Structure formats: C-alpha cells, structure tokens
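Novice: Here it is, the structure, as structure tokens.
Laboratory data are not the source of any read-out in this text; all were calculated from the coordinates shown. Everything numeric in this text was worked out from a predicted model, so none of it was measured. With ideal geometry, Cβ positions are generated from the backbone for all residues, glycine too; neighbour counts draw on all protein chains shown.
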Amino acid sequence: MATGYSLNGYVRHAWYMAGWDRDFTQAPQARVMLGEPLVVYRTEEGRIVVLADRCAHRLAPLSHGRCEGQKLRCLYHGVLFNPDGSCAEVPGQEIVPPSVRVRAYPAVEKDNAVWVWMGPADKADEALIPDFKGYAHPDWALEPGHMEMDAPAKLIHDNLLDLSHVGWVHKNSFAGGSDRATRGWIYGKTEVDKLPRGVRVTRRMENVPPVPAGGLRVLKDKGPGDFYSWYEFLSPGIFIQFAARYPQGTLARCGENPPDVEPLFSSYTCQAVTPVTEGKARYYFAFGPDSRFPGEKQFFFELSEQAFGEDKTMIEAQYKIMKMSPEVRTMRLAMDKVLSTYEGIEKDLLAAEA
Ligand code: FES
Ligand SMILES: [Fe+2]
C-alpha cells in the first residue's frame, strides 16, 4: 500500500521540533520522530536530553524510567545512562562494557521549542535552526498548541505551501465567510522567492473587508482595507507567517515594496510539522495578534484550532483516499507552483545528504 510518502523522503540532517519547552520536565516523555523512538527529559538543572527510547539491555522503553540528577535509569532492570548515552551503572556487576550505550541526539532549546537533530551528531549545526520567535516573543501575543495528524507530514507541507486553500477550507474561519476575502486568497497577487532551505511567498490583497483572521473584532468600524502577508516554508517543515492590515490605498502607494506604515493590525504564526511515522505527523503551532492587542489572544487561538481542525479533516480524508488507490498519482496545476519550487529545493537538500 505504498503511497510514495516513505520516511526516506525526509531530510535527516535537520532540526525537527519535539515539542514546546513547557511540555518537558524531569519526567521522561516518549516521542516518535521519523519512525525513531526517542525519550526526552530535563536534567535536575533543566537541560534537555534526548536519547533513543530503547534500553541497550533488553530494549525496554527508557521513557518508562526515571531521571536521577543528570542521568536516566531504566526501570526494567535498573541500568543507568548518562546524558551522552553512555552507561553509568549496571546493577549487579562492577565493570560496565562500553557497548552498553544508547544513541544520544543533539537537542537545543530555542524560541520556546525543543529541536532535535535527526542526522549524524557530528553534523549538527545550530545555525540551521530557523528564526521561529516562539510563543513568548514580546512582539506577539501567541498561544501554543499542537495536533496529531493521521497523515504523512508531506501532505501537511503541501497544505501549508499553497494557501489558496484558505478560500475554500477556511472560508468560514480565517476568511469569515467573506466572498471578497475568499477571492483574495485564491486570486491575490503573490510573489515567490527561493531561499537556501525553502520558499518565501508574499501576498497582496487590496480593498478587502476585515475578516476574523485580520482582526475583525478590533477593526469592525474601519471598513475595507489592504492586506499584506508573507510566509516562509523551510525544510524540514517549518512554517512562519506574518499577516497585516493597512489603510486602503497603502499597497497601491507602495507598489512593489512592502507597506511603509505601521499596520492597523497584524498577526504572526510559527508552526512545525514533525513526521512521526510514514502515515502520522505531529503539527505544532503558535498563533496570535501583535502585542498591542493581547485581548485578542484567546480568540485567535480558538480560531486557529478551528481552522487547523478544518485542515486535519481534509488532509486525513485525502490520505484515506490515497491509501485506497496508491497507484493513482496526484497532478500539478498552476496553483501548485510553490509546491514544485519547494520540492526542487528539498530534492537538492536530500541529494547533498546522500
Ligand atoms: S531492559 Fe533496561 S535494564 Fe533491562
Ligand atoms: Fe489550512
């Protein structure tokens, strides 16, 4: 039942998100990423450690174990591991053979997220962690969340690479049922720029009414205006979007340049898609208004949960159909230009790894 979404299609020399910083304590937690079982815990000092979730002795999950200071003890027969994966103690014997060890994964906490390097440890490069900002960034009032998806991560990538679906899937959430806003998402002027590890898409819509995702609640008396947004989609599955509303006429005046005035309202979202297994993914997101409107934070979070639930319904249903007819290929239309551009960039990254 091969659908062409094998885990071999994902880059490994990359940082994948394992969770939000607030998800982790000294209590070890299991995570499956790219089909590999991992255990994540904080040491007594608060440092994040990520190890293979498979004791070297009889392969019991270390996530059923307990943290002891810096170390993690397997609670099947008590073998104790150091944060670098080497063995600190084997109960009942004096000598610890060096072969008793588990793989340790480089892990970094940055922008409120825990990032795990899934490639060879000696190739880990912290400069490749994206500028994510995170839910506690002072410029934004963001609330973090996550969703389990019964679909390959790549189908979520495709969804995020082409936001024309907002006009259809999110017509009644992000676009507030407005036909003008809907048309803007489908026909709005977009530019696509290639980045070293992804794409940047800029979208301009003139003369559109305020919609829920554009700050309707704070702009309700303001009438139509201009909408300007950019998003970046970066390997291995990071989505960052800025969206803002300006007084009508701003975009016409600025021409090809970004708006040169403060927006009336803006929002930001940072998201990460982590493949779990071939047919499952975890979708992390934080979404919210700019920090001038903290009162909108909860509304935005609920709106994003509603909208991402709409994506989940569509993508999981799409994947069910794909599994029933694995021999039938998808096709490319004009709206898929960004998908094709990104696919080319990812192919180069995969080739560089090999
Ligand atoms: S399986 Fe972990 S100590 Fe035996
Ligand atoms: Fe969506």
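Novice: With the Cα gyration tensor of the stretch 92-141 in hand, convert its eigenvalues to equivalent ellipsoid semi-axes via √(5λ) and list them largest first in whole Å.
Specialist: One finds semi-axes of 35, 14, 6 Å for the stretch 92-141.
Novice: Let me ask something additional. Kindly state, to the nearest 0.05, the FRET efficiency for Ala352 paired with Lys194, given R0 = 22 Å and r defined as their beta-carbon distance.
Specialist: It comes to 0.90.
Novice: Ratio to report: Rg/Rh of the stretch 268-354, with Cα atoms as the point set and Rh obtained by the Kirkwood method; give two decimals.
Specialist: When Rh is taken as the Kirkwood radius, the ratio is 1.06.
Novice: Still on this structure: Using the count of nearby Cβ atoms within 10 Å as a rough guide to exposure, how do Phe293, Phe285 rank from fewest to most?
Specialist: Neighbour counts put them in this order, fewest first: Phe293, Phe285.
Novice: Given the Cα-Cα distance of Arg180 and Lys123 and 0.36 nm per residue of separation, how much length would full extension add, in nm?
Specialist: Between Arg180 and Lys123, full extension yields an extra 15.7 nm.
Novice: Same structure again: Just flag the GluC sites (Glu not before Pro) in the stretch 67-126 sitting in loop per DSSP whose Cβ has no more than 12 other Cβ atoms within 10 Å.
Specialist: Passing both the DSSP loop test and the Cβ count: Glu94.
Novice: Still on this structure: Regarding the stretch 143-353, what is the average projected area of its C-alpha convex hull, in nm²?
Specialist: Averaging across all directions leaves 12.0 nm² for the Cα convex hull.
Novice: Running Debye on the stretch 1-63 with equal point scatterers at the Cα sites and no solvent, what base-10 log of I(q)/I(0) appears at q = 0.15, 0.23, 0.24 Å⁻¹?
Specialist: With no solvent term, the Cα-only Debye profile gives -0.56, -1.00, -1.04.
Novice: Also, I was wondering about something else. Counting Lys and Arg as +1 and Asp and Glu as -1, what is the net charge of the other residues whose Cβ lies under 12 Å from the Cβ of Ala252?
Specialist: Residues near Ala252 contribute 0 overall.
Novice: Taking the number of other C-beta atoms within 10 Å as the exposure measure, put Lys110, Lys133 in order starting with the fewest.
Specialist: Ranking Lys110, Lys133 by Cβ neighbours within 10 Å, fewest first, gives Lys110, Lys133.
Novice: Using the Kirkwood radius over Cα pairs, work out the Stokes-Einstein diffusion coefficient for the stretch 7-128 at 4 °C and 1.567 mPa s, in µm²/s as a whole number.
Specialist: Values: Rh = 14.6 Å.
Roughly 89 µm²/s, to the nearest whole number.
Novice: By the scheme Lys and Arg +1, Asp and Glu -1, what is the net charge of all other residues having a beta-carbon under 11 Å from that of Gln70?
Specialist: It works out to a net charge of -1.
Novice: Also, quick follow-up: Tell me, what is the Rg over Rh of the stretch 130-266, with Rh the Kirkwood radius over Cα pairs?
Specialist: Across the stretch 130-266, the Cα-based Rg/Rh ratio is 0.95.
Novice: If the chain between Gln306 and Asp131 were fully stretched, how many nm would it gain, using 0.36 nm times the residue separation less the Cα-Cα distance?
Specialist: Values: separation 175, 0.36 × 175 = 63.00 nm, distance 2.59 nm.
Contour length minus the Cα-Cα distance gives 60.4 nm.
Novice: With N denoting the number of residues in the chain, provide Rg(C-alpha) divided by 2.2 N^0.38 Å, to two decimal places.
Specialist: Working it through for the chain, the quotient is 1.10.
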